[in-house]
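The values are calculated or read from the model by the stated rules, or taken from the named source; none is laboratory data. Just so we're clear, the structure is a prediction, and the values are computed from it rather than from any experiment. Methodologically, a virtual Cβ is constructed for each residue, glycine included, from the backbone with ideal geometry; neighbour enumeration extends over all protein chains shown. With ligands, DNA and RNA removed, areas are computed over all heavy atoms of the protein, side chains included. Shrake-Rupley method; radii C 1.70, N 1.55, O 1.52, S 1.80 Å.
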Amino acid sequence: MKQEIQKKLKASLQKLDSSKQSIETVSNWLKFYKHDFKAIVSIWYEEFCAANAERRLALVYLCNDIIQNNRKDGMNLIGEFYEYLPRVVTQITKGGNTKIHQSVSRLLKIWHQRRIFGSKGIPLLLQQTQFALDGVLEGPTSTTTSPEVKGKGKETTADSSEIKEIRGLSAQIGRTEDEIRRIEMQNKESLSTSAIMSGSSDQKMLKKYQTKIWDCIQNQRTLLSALESWKKKIEESISDKENSVKQIKKDLLARKDKMASESSSKVEEESASALIAQKLFSSQNAAELLKNALKTMSNQDKLKISAQIQQQENNTHSHSPSEQAAKRTRMG
């Protein structure tokens, strides 16, 4: 996203209020830049962290309008918002404001009912944030594909323990980074090199700041390990499926070759039989040649030939006298 667009977006978000006109104006403008979904959501979250409670709620309403109006062709944008929602829900409801709690609860119910984040997106978010929802979640009424299970008929990946661990670590890292960011915003002077070297910095704050950073680093390393393990399992699954497809292709090719070979053998056999019959018909020693040929055959083959000759004779004798006369007339 261009720098001038980022500045315009920040200015629009800073002027945002909870009115329908204000929210729809920004939401409709952002449709033209939804391919920059990462930048949009990142700036939106920065403004959310810096806002007061009232403007935070307006920003959540904006998020709702954006994801509701981009369900068909904005899955990346919806998925990116979902990654930030655990932190957003935790922060906006921290103060215990009843109005905000009710508003967030109502939005979560709507998102679940319409499957904005799939059938498991909101239950998982509630589990991560420990948010006490007003009432119960009603069953979804839509089958819209969600960002967590996009392109799949089953949600086995979304249900796996690896995904839950990764989401949990990601949420924890996000919360820690939020705390680090707040410390930095509130203690800019104390965290400067000059203040630390002069000893004027709050030592208790510095210790807390360092602890939070190390906690974040440790969680990030654990997340990398979990991602590597999950990646390995996915690669193994891909390899197994590729081998299955290769084996099917190999079997189909072998079957094709077998059918071609059998067809070729049959043609050769018929050609050889026709040639033998032609030679016997034109040879003066046909009886002797046939006799010698029969000597090389098994008894079973001889019986088959005898049965075929008998069948042919029966068919010939079964013709009526008139049919036989007509046949002789045609031959004569």
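Give me the percent relative contact order of the stretch 40-102, please, defined on Cα pairs under 8 angstrom at least 6 residues apart. Taking the mean separation of contacting Cα pairs over the length of the stretch 40-102, I get 32 percent.
Assuming a ≥ b ≥ c are the square roots of the Cα gyration tensor eigenvalues, decide whether the stretch 158-224 counts as rounded (a/c under 1.5), prolate (otherwise, with a/b larger than b/c) or oblate. Let's see the in-between values first.
Details: a/c = 4.50, a/b = 3.13, b/c = 1.44.
Prolate, since a/c reaches 1.5 and a/b exceeds b/c.
If one puts a single equal scatterer on every Cα of the stretch 195-257 and applies the Debye formula without solvent, what log₁₀ I(q)/I(0) results at q = 0.21, 0.26, 0.27 Å⁻¹? Results for the stretch 195-257 at q = 0.21, 0.26, 0.27 Å⁻¹ read -0.87, -0.99, -1.02. Straight-distance candidates among the lysines for linking to Lys2, with alpha-carbon spacing under 22 Å and chain neighbours fewer than 8 residues away dropped: Lys10, Lys15, Lys31, Lys34, Lys38.
In Å, what Kirkwood hydrodynamic radius results for the stretch 214-299 from the alpha-carbon pair distances? Don't jump to the answer; show the numbers that get you there.
Working: mean 1/r = 0.0511 Å⁻¹.
This gives a value of 19.6 Å.
Normalised radius of gyration (Cα atoms, divided by 2.2 N^0.38 Å) for the stretch 16-68: 1.05. Going Cα to Cα from Lys232, which lysines come in below 24 Å? Please leave out same-chain ones fewer than 8 positions away. Within reach: Lys150, Lys152, Lys154, Lys164, Lys241, Lys246.
Sort Lys8, Lys15 by heavy-atom solvent-accessible area, probe 1.4 angstrom, most to least. Kindly include the intermediate steps, with their values, before the conclusion.
Values: Lys8 110, Lys15 160 Å².
So the residues, ranked largest to smallest area, are Lys15, Lys8.
Dimensions of the stretch 1-44 from C-alpha coordinates, computed as largest minus smallest value along each principal axis and given longest first, are 27, 17, 15 Å.
Post the alpha-carbon centroid distance, the stretch 187-220 to the stretch 70-99, in whole angstrom. Centre-to-centre (Cα) distance: 29 Å. Think of the stretch 7-73 as a dipole: +1 on every Lys or Arg Cβ, -1 on every Asp or Glu Cβ, centred on the Cα centre; then among Val41, Ala51, Leu16, Val41 lies furthest on the positive end.
If you stretched the chain out fully between Lys99 and Gln3, how much longer would it get, using 0.36 nm times the residue separation minus the C-alpha to C-alpha distance?
Numbers: separation 96, 0.36 × 96 = 34.56 nm, distance 3.61 nm.
Separation in residues times 0.36 nm, less the Cα-Cα distance, equals 30.9 nm.
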